[in-house]
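Inspection log for the structure reproduced underneath, given as structure tokens.
The values are calculated or read from the model by the stated rules, or taken from the named source; none is laboratory data. Fair warning: this is a prediction, and the values are worked out from it, not measured in the lab. Neighbour counts are summed over all protein chains in view; Cβ atoms, including those assigned to glycine, are modelled from backbone coordinates with ideal geometry. Just so you know, the surface numbers come from the protein's heavy atoms only, side chains and all, with ligands and any DNA or RNA stripped out. Shrake-Rupley method; radii C 1.70, N 1.55, O 1.52, S 1.80 Å.
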Amino acid sequence: MPPFKIYPSDVRIESGWKEHLKEEFSKPYFAGIKHFLSEEKTRGKIIFPPGPLIFNAFDKTPFDKVRVVILGQDPYHGPGQAMGLCFSVPRQVAIPASLKNIFKEINRDTGLPIPGHGDLSAWTGQGVFLLNSILTVERGMAGAHSKIGWQIFTDAVIKTLSDQRDGLIFLLWGNYARSKNILIDGTKHTILEAAHPSPLARDAFKGCAHFSKTNSILLSRGEKPINWSLDE
């Protein structure tokens, strides 16, 4: 069985990210991630998302184009759901509960209609970086890869964005995402925090207005706002 491919030479990853993260890719912990995933694949484990989509968020939103960062935690672990973009699912897949609540808040906050699909790719082309803290998961096993080293990598991603870019807007939803604010220089960037959109948080996410707030910040700087609509 061929090795599980995750190194940038094997998958699509934008050249700016590859350059800024090259030291991380060469560190022992990253070799450990690759070895773990390869061994799991050899044992017949099903891993989501598919190898070519593990770095999809990086490929969709080039390093120099990032304007807004939304941080998720774990990829969806159901068949066909994970696509390498936090909270996003392919068009033909049922919309997960957390994403439904995100859509409800966009509707409440901006008046945009609730989409009929959950593919957030349209946001990525506008500079919205949809990063999961953990980039892989075993089928049906939420959090199965939470201790294999992905957080070391994605913490470095957040820190690199904070250090190398200016004026980014970070949307941190839930206690886990909010814990990452220590990696972000609040004197250079805007950090908006809210409850997680999961139904387990009841209606705590409702009313955060992060989508209109994000656009108000962008417009105040003379930048183009994000079109949160997913309609064709």
Selection count, the stretch 88-114, where residues are part of a loop (DSSP other than H, G, I, E, B) and either out of contact with any helix residue (DSSP H, G or I) (no Cβ under 8 Å at 6 or more places or on another chain) or surrounded by 21 or more Cβ atoms within 10 Å (Cβ to Cβ) (or both): 9
Among the residues that make up the stretch 187-203, is at least one of them assigned to a loop (DSSP other than H, G, I, E, B), more than 26 Å from Pro96 (Cα to Cα), open to solvent by 60 Å² or more (accessible area, probe 1.4 Å) and touching a residue at least 24 places away in the same chain (Cβ under 8 Å)? yes
Step by step: first the residues of the stretch 5-21, then only those that are open to solvent by 20 Å² or more (accessible area, probe 1.4 Å) and modelled with pLDDT of 90 or more, then the one that is nearest to Asp155 (Cα to Cα). Which residue is that? His20
Failed criterion for His210 (all others in (1) open to solvent by 20 Å² or more (accessible area, probe 1.4 Å); (2) closer than 23 Å to Leu120 by Cα hold): (1)
Suppose we filter Leu168, Leu200, Leu183, Leu131 for residues that are on the phi < 0 side of the Ramachandran plot, among the aliphatic types (A, V, I, L, M) and within 14 Å of the chain's Cα centre (by Cα); which single one remains? Leu131
In the stretch 137-163, how many residues are open to solvent by 30 Å² or more (accessible area, probe 1.4 Å) and in a helix (DSSP H, G or I)? 5
Which residue out of Asp119, Asp166 is assigned to a loop (DSSP other than H, G, I, E, B), in contact with a Lys or Arg (Cβ under 6 Å, 6 or more places away or on another chain) and either without any contact (Cβ under 8 Å) to a residue 12 or more places away in the chain or more than 26 Å from Ser220 (Cβ to Cβ) (or both)? Asp119
Does the stretch 186-206 contain at least one residue that is of a type in the set (S, T, N, Q), farther than 30 Å from Gly116 by Cβ and modelled with pLDDT of 95 or more? yes
When residues of the stretch 33-64 are limited to those that are aliphatic (A, V, I, L, M) and under 16 Å from Phe153 (Cα atoms), the one nearest to the chain's Cα centre (by Cα): Ala57
